[in-house]
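S.K.: Dropping a structure here in structure tokens format, bear with me for questions.
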Amino acid sequence: MKYALVLVNIKGLGVKTFSYLIPDEMRSIIQIGQAVLVPFGRQGLINAFIVGFSDYLPGDFKAKKINRILDETPLFSLKYLKLLEWVANYYCTDFVTVLNAALPMKLIEKNAKVEFSVIYMKDEGEGLTKRQREILQALKERGKCSLIEFEEQVKTTRTTMKKLADAGFVKVSEEYIYRNPLAIFKDIKTEPLYELSGEQITAYEGIRSKLKSPNPILLHGVTASGKTEVYFKLIKDVIDSGRNVLFLAPEIALASQLTKRLARKFGIKDVAIWHSSISDGEKYDVWQRLYKNDSKILAGARSAVFAPLQNIGLIIIDEEHESAYKQTNPAPRYDARVVARRLAQFHQAPLLLGSATPDISTYYYAVNNNNLFEMKNRFNNSPLASPQVINMQEYGKAAYRGIISKPLQSEITETLARKQQVILLMNRRGYSTYTQCRSCGTVIECPDCSIPMIWHSSIKKLKCHYCNREMSFPDFCPACGSDALSTSGVGTQKIEAYIKELYPNVRTERIDSDILTRKNAHIELLNKFQKGEIDILVGTQMIAKGLDNPNVTLVGVLSADSGFSIPDFRASERGFQLLTQVAGRAGRGEFKGKVLFQTYNPDYYAFQSAKSQNYEKFFETEIKARQEFDYPPFSQIIRLILSSQNNFRAEKSAMEIALRLNTMTDKFGFSEYLETLGPTPCVIEKLHGFYRFQILIKNKLSQKGHDFVSKFLNKITLPKDIKLAIDVDPLDIL
Ligand code: ADP
Ligand code: ZN
Ligand code: ZN
């Protein structure tokens, strides 16, 4: 092959492929996935990746030569590119968008330009080669210089530099040198796996008998049934057989907790971690370790599904119902569960999903494929707390500040007296949820997004939860000029304040995404809570997952209805899951737990099933509704959002697309199986200053329908001022 197809990442242009001539001396070593340097116009030498080869040029021009191979170890394989290509197709987006999301591209780009300080330290030493001495000599002469410059001038490699740094001859900047993200766990002592017992054995054996199944296997086990220990046993089997394991958790905090647990059981050497907040330098090195097959278990959040783990023998997705597995924005709007399924097929490995409250579709398929395994009791047989319902129609008036009912207060008091801990869930952040004029009724909305601005007492500002715009509290109503503006509605900050009023001498803390501005703040608070240094933890759904603290014996949900009232076909499912999960935090140890739900709708079916923690009952009702209205799993939803700063133009282009789509499906005679709904204004009509209209496509033709829609979408060209977002299998339709 004469030419290499390379991907470059150019500022302003994004990621694109170009052809370069392969110099003779590179022929024998060049490989797909290698990082190279190529000349690029006025920008000089830039970083690129080899993604293919060819004997011909795609046009009539003279190709430039590849300058050098930066690292002979490829960063990905052909198989890996195939996976990304599949993802691009499935999510109706282009390949480079997926590649951009998958590869730590920024890091490569950054390393090329970052000031690389090499501090020369000593040159006397045993076992230095002549070459290494030359490098040290060159360093001595230069002192500080950039990485690329230095590597270029001295013709050294990162690997060589690392060796010298490790041996203490030079000191290089942190960006450059390998830092193990697991270093914080280095003192962890390994301990043996637990012997499984009872239901765990049955589940384990059942799952083992299905490991050849091409379909996902579901482990449905109540909270604290010991699912994780079952996973560990399966992981042990897989790594003993010489293959590797990918283990996903829905978010970073849970992935870190999990990594710690894995390190304890399998030794830190074999475990790696991957998520969006490890640094670029760390990512680069984890990436290389994985590619060289130096780690056996990779734990991570959503994006870890794109890490180049080799020779996968098992993929586990814990808390598989979590919406955090789906990336909503920006594209690729991928679902790690869907990608993992494809990845598993590539490696002929099983995919194991686990949850106490499985996704309705996951459960449906698992039952139909006979791939469902259940654990109905907690590992230590401590009973699941059965939630008590506080009907706020009755208790609301006497409640403290209208929101903390008397029964909840007395439970809190008693729990604190027993020196046990309390979790209070309020699924809205901020202080109050809206600001209204008492004169004319106007609600203060974000000028760019059609949602109410929310009062944050901590920063004394109104804040938009969609675009983060902040503004001072207005003196007068913008509509009628009256000064009768007041805030109402309840958010986590208000609950925190009220609890501190009621219990001034108690250690109360709050966890919601507003505290995440400090890196790891969330993990630190959870650790403090775990150690018993916090008595009452107030928070959003962020506290509903993962906490395994045996001293928590009271869980209070202040406004249990809030999840159910979202205009979305998954609202009941989400509400049920949240309440069941948070209830599962209570009484996990030897003490019995109590759960209180405050609600204004005690009779709602999803609420009733959450109350009895009866998943099957909920599933039966819910699946009927899905079938009746052709929602997933009975159809695939493809959502199109047309947006523009001009309301009329957004609507017009949405109408045109819907019309064309309808004409096409009519022409092919399957409009009944490929239904187009809309356009309608989105529930959030305006976002970041853009008016939004949506078209929902219900595809009941599986692959064939998907292909039809994606072909149709490929042909669409839109005026510059109109944006189209395509969301395949959206998790919400707001
Ligand atoms: P889940 O993942 O279902 O929420 P875990 O696996 O975290 O549950 O188990 C809950 C608790 O019970 C954990 O503290 C765990 O270490 C303990 N546990 C589970 N299985 C066993 C076992 N076989 N032997 C001893 N302890 C166990
Ligand atoms: Zn007014
Ligand atoms: Zn806004």
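The values are calculated or read from the model by the stated rules, or taken from the named source; none is laboratory data. Here the structure is a predicted model, which means the values were calculated and not measured. Neighbour counts run over all protein chains shown; Cβ positions are idealised from the backbone, glycine included. Just so you know, the surface numbers come from the protein's heavy atoms only, side chains and all, with ligands and any DNA or RNA stripped out. Shrake-Rupley method; radii C 1.70, N 1.55, O 1.52, S 1.80 Å.
S.K.: Assuming R0 = 60 Å, what is the FRET efficiency of Leu211 and Ala417, from their Cβ-Cβ distance, to the nearest 0.05?
M.R.: Numbers: r = 50 Å, r/R0 = 0.84.
E(calc), rounded to 0.05, equals 0.75.
S.K.: Same structure again: Compute the FRET efficiency between Asn662 and Glu134 as 1/(1 + (r/R0)^6), taking r as their Cβ-Cβ distance and R0 = 51 Å, and round to the nearest 0.05. Write out the running numbers ahead of the final one.
M.R.: Values: r = 71 Å, r/R0 = 1.40.
Efficiency for this residue pair is about 0.10.
S.K.: Sticking with this one: Once the dipole of the chain is set up with Lys and Arg at +1 and Asp and Glu at -1 on Cβ about the Cα centre, which of Gln137, Ala167, Pro332 lies farthest towards its positive end?
M.R.: Gln137
S.K.: Name the residue farthest towards the positive end of the dipole of the chain from the options Ile32, Ile499, Leu579, assuming +1 on Cβ of Lys and Arg, -1 on Cβ of Asp and Glu, about the Cα centre.
M.R.: The residue sitting farthest along the positive end of the dipole is Ile32.
S.K.: Further question: Per residue, how large is the accessible surface of the chain? Use a 1.4 angstrom probe and give square angstrom.
M.R.: Values: 33070 Å² over 734 residues.
Here the residues of the chain average 45 Å² of exposed surface.
S.K.: Additional query: Can you give me the Cα centroid spacing of region 533-563 and region 650-722 in angstrom?
M.R.: 41
S.K.: By the scheme Lys and Arg +1, Asp and Glu -1, what is the net charge of all other residues having a beta-carbon under 13 Å from that of Val338?
M.R.: On the way: positive: Arg302, Lys326, Arg333, Arg337, Arg341, Arg342; negative: Glu320, Asp335, Asp359, Asp727, Asp729.
Result for the local shell: +1.
S.K.: Still on this structure, I have one more. Considering only protein heavy atoms and a probe of 1.4 Å, how much of the accessible area of region 551-666 is carbon and sulfur, as a whole percent?
M.R.: Details: 2460 of 4560 Å².
Exposed carbon and sulfur together represent 54 percent of the surface.
S.K.: Please list, in chain and number order, the residues 5+ apart from Val538 or on another chain whose amide H is under 5 Å from its amide H, with Hs placed from the backbone.
M.R.: Amide H neighbours of Val538, under 5 Å, 5+ apart: Leu424, Glu509, Arg510, Ile511.
S.K.: Further question: Taking the Cα centre of region 434-488 as origin, work out the dipole magnitude from +1 charges on Lys and Arg Cβ and -1 charges on Asp and Glu Cβ, in debye rounded to 20.
M.R.: Details: 5 positive and 5 negative charges, 32 e Å.
The dipole of region 434-488 has a size of about 160 debye.
S.K.: Do you know the relative contact order of the chain, to the nearest whole percent, from alpha carbon pairs under 8 angstrom that are 6+ apart?
M.R.: 10
S.K.: Given 0.36 nm per residue, what is the gain on full extension from Lys64 to Asn520 after removing their alpha carbon distance, in nm?
M.R.: My answer for the length gained is 159.6 nm.
S.K.: Just the C-alpha atoms of region 283-377: what Rg/Rh do they give, with Rh taken as the Kirkwood radius? Could the numbers behind the result be given before it?
M.R.: Working: Rg = 14.4 Å, Rh = 14.6 Å.
Rounded to two decimals, Rg/Rh equals 0.99.
S.K.: Ratio of alpha-carbon Rg to the 2.2 N^0.38 Å globular estimate for region 434-488, to two decimals, please. Intermediate results must be reported in sequence, preceding the final value.
M.R.: Working: Rg = 10.4 Å, N = 55, 2.2 N^0.38 = 10.1 Å.
Output field value: 1.04.
S.K.: With a cut-off of 8 Å between alpha carbons and a minimum separation of six or more residues, what is the relative contact order of region 3-104 in percent? It would help to have the intermediate numbers written out before the result.
M.R.: Working: 166 pairs, mean separation 29.5, N = 102.
Taking the mean separation of contacting Cα pairs over the length of region 3-104, I get 29 percent.
S.K.: Measure off 7 Å from each Cα along the Cα-to-Cβ vector at Ser472 and Ser410, then give the distance between these two points in nanometres to one decimal.
M.R.: Taking the simple label geometry, Ser472 and Ser410 are separated by 4.8 nm.
S.K.: Collect residues whose amide H, placed 1.01 Å from N in the peptide plane, falls under 5 Å from the amide H of Ile390; neighbours closer than 5 in sequence don't count.
M.R.: Phe597, Gln598, Thr599
S.K.: Taking a quarter of the surface of the convex hull around the Cα atoms of region 178-328, what do you get in nm²?
M.R.: Details: hull surface 36.9 nm².
Averaged projected area of region 178-328's Cα convex hull equals 9.2 nm².
S.K.: D for region 636-728, whole µm²/s, Stokes-Einstein with Kirkwood Rh over alpha-carbon pairs at 20 °C and 1.002 mPa s: what number? The partial results should precede the final answer.
M.R.: Values: Rh = 13.3 Å.
It diffuses with D of about 162 µm²/s by this estimate.
S.K.: Note down the Stokes-Einstein diffusion coefficient of region 557-636 in µm²/s, whole number, using a Kirkwood radius over alpha carbon pairs, 4 °C, and 1.567 mPa s. Before the final figure, lay out each step's value.
M.R.: Numbers: Rh = 13.4 Å.
For the chosen part, D equals 96 µm²/s.
S.K.: Which value in deg cm²/dmol, rounded to the nearest 500, describes the helix-derived mean residue ellipticity at 222 nm for the chain, given -39,500 (n - 2.57) per DSSP H run of n ≥ 4 and division by the residue count? If you can, show how the numbers build up before the last one.
M.R.: On the way: 21 runs with 239 residues, N = 734.
Taking each H run of at least 4 residues, the total per residue is -10000 deg cm²/dmol.
S.K.: Would you mind checking the tilt of helix 199-208 against the longest principal axis of the Cα atoms of the chain, expressed as 0 to 90 degrees and rounded to 10?
M.R.: That helix lies at roughly 40 degrees to the long axis.
S.K.: Continuing with the same structure: How many nm separate the modelled label positions at Val443 and Thr73, each set 7 Å beyond the Cα in the direction of the Cβ?
M.R.: 5.4
S.K.: Also, quick follow-up: Placing unit charges on C-beta atoms (Lys and Arg positive, Asp and Glu negative, everything else neutral), compute the dipole magnitude of region 509-660 about its Cα centre in debye, rounded to 20. Kindly include the intermediate steps, with their values, before the conclusion.
M.R.: Numbers: 20 positive and 19 negative charges, 57 e Å.
Here the size comes out at about 280 debye.
S.K.: Please list the three semi-axes, largest first and in whole Å, of the ellipsoid equivalent to the chain, using sqrt of 5 times the eigenvalues of its alpha carbon gyration tensor.
M.R.: On the way: eigenvalues 404, 224, 165 Å².
The equivalent ellipsoid of the chain has semi-axes of 45, 33, 29 Å.
S.K.: Roughly speaking, to the nearest percent, how much of region 434-488's 1.4 Å accessible area is carbon and sulfur? Display every interim value, and only then the final one.
M.R.: Numbers: 1340 of 2910 Å².
Carbon with sulfur: 46 percent of the solvent-accessible area.
S.K.: How large is the charge dipole for the chain, taken about the Cα centre, if only the Cβ atoms of Lys, Arg (+1) and Asp, Glu (-1) carry charge, to the nearest 20 debye?
M.R.: Values: 98 positive and 80 negative charges, 235 e Å.
That gives the chain a dipole magnitude of about 1120 debye.
S.K.: Looking only at GluC sites (Glu not before Pro) in DSSP loops with at most 16 other Cβ atoms within 10 Å, what is the longest site-free stretch of the chain? Write down the numbers at each step before the final one.
M.R.: Working: sites that count: Glu72, Glu115, Glu124, Glu126, Glu174, Glu195, Glu533, Glu590, Glu672.
Of all site-free stretches, the longest is 196-532.
S.K.: Quick one: pull the percent of accessible area on region 3-104 belonging to carbon and sulfur, 1.4 Å probe, ligands and nucleic acids left out. Can you show the working numbers first?
M.R.: Working: 2600 of 4900 Å².
Ligands and nucleic acids excluded, carbon and sulfur give 53 percent.
S.K.: Quick one: which residues, 5+ away or cross-chain, put their amide H under 5 Å from the amide H of Thr553? H built at 1.01 Å from N.
M.R.: Those lying under 5 Å, H to H, from Thr553 are Gln421, Gly587.
S.K.: A follow-up question, please. Can you find, among Ile722, Ser488, Ile268, the residue farthest towards the positive end of the dipole of the chain? Put +1 on the C-beta of Lys and Arg, -1 on that of Asp and Glu.
M.R.: Ile268
S.K.: Please report the projected area of region 228-290's Cα convex hull averaged over all directions, in nm². Spell out each step's value before the answer.
M.R.: Numbers: hull surface 17.5 nm².
In nm², the orientation-averaged hull projection of region 228-290 is 4.4.
S.K.: Could I ask something else about it? Quick check: the angle from helix 130-142's long axis to the longest principal axis of the chain, C-alpha only, nearest 10 degrees?
M.R.: 70
S.K.: Return the FRET efficiency for the residue pair Tyr605, Thr17: r is the Cβ-Cβ distance, R0 is 60 Å, and the value is rounded to the nearest 0.05. Please report the intermediate quantities before stating the final value.
M.R.: Details: r = 53 Å, r/R0 = 0.88.
Approximately 0.70, to the nearest 0.05.
S.K.: Separate question: Is the C-alpha gyration tensor of region 3-104 telling us rounded, prolate or oblate? Criteria: a/c under 1.5 is rounded; beyond that, a/b larger than b/c is prolate, otherwise oblate.
M.R.: Details: a/c = 1.61, a/b = 1.38, b/c = 1.17.
It comes out prolate by the Cα gyration axes.
S.K.: Which percentage, to the nearest 5, of the DSSP beta bridges contained in the chain is antiparallel?
M.R.: Just about 60 percent of them are antiparallel.
S.K.: Something else now. With each label point set 7 Å from Cα along the Cα-Cβ vector, what nm distance links Met655 and Asn381?
M.R.: With each label placed 7 Å out from Cα toward Cβ, I get 6.8 nm.
S.K.: Could you list, in their original order, any pairs among Lys212/Lys711; Lys79/Lys269; Lys326/Lys715 whose Cα atoms are separated by more than 29 Å? All intermediate terms of the calculation are to be shown ahead of the outcome.
M.R.: Numbers: Lys212/Lys711 34 Å; Lys79/Lys269 26 Å; Lys326/Lys715 26 Å.
Flagged as over cut-off: Lys212/Lys711.
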